[in-house]
Amino acid sequence: MSEHTKGLLALFRDGQSVGSSDGTGICEVWPRDENGFPDSEGKANARRIVACWNLLHEFDTAAIEAGTFADFIGQQVYLHEIENANSGELRLSDVSMQLMAAGFAGKMEANAAENYMEFGLFHPETGHITLTVQRAEGLTPAQKLSAMTKHRDALLSVLDWTDEQIMEFISTAFRHAQIKGDFELSDVRDALNMIKARAMSNLEGEQS
């Protein structure tokens, strides 16, 4: 099979034909009107051919034909390192990462994922894999679990009071009752909140 025309394409004769930018390899476009000139659809086809050709002219035709555009992008990322060119040129790998970021962001928003989200993926070279996408300022699942565990332990410690703490709670509740002239559940709640605040203060002191 002979090689295709190299380089970029351009439109000629007011969009009636397509050829290489140096003016060689001219191809006529269709459909045409009753006068034999490309109609609006023919000119639109020519414009699209040039745009698609120029976008992908650096890549092998067989790779482009192999599957969907997503398949093509994925294969290029797999074959080439995902990094910026030193010259600042925008490589396909950069575009693919932008597409991935946009896709992940859309999925997170659609699923109301405020911090992170797990994606199940498959690739023939690795099999099934799980990818976790997380906001840069967010906590990992392990970090969130650790923080929740510490808070739970701090609250549970309130239940393991010493005799002195129990007496402190009772005296506080009754002191509130004497001031108000009665005794309500809110007094108990206030006393518990005071003990809880002390436990949380101790937790913060350990973390600092």
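Cβ under 14 Å from residue 117's Cβ, residue 117 left aside: what net charge do those residues give with Lys, Arg +1 and Asp, Glu -1? Walk me through the numbers before you get to the answer.
Values: positive: 107, 135, 144; negative: 109, 114, 118.
Taking every Cβ under 14 Å from that of residue 117, the sum is 0.
What does the charge add up to near residue 143, with Lys and Arg as +1, Asp and Glu as -1, over the other residues with Cβ less than 14 Å from its Cβ? Display every interim value, and only then the final one.
Details: positive: 135, 144, 150; negative: 137.
Surrounding charge for residue 143 is +2.
Here, each number is a calculation from the coordinates, and none is a lab measurement. Keep in mind it's a predicted model, so treat the numbers as computed, not measured. Cβ atoms come from the backbone with ideal geometry, glycine included; neighbour counts cover every protein chain shown.
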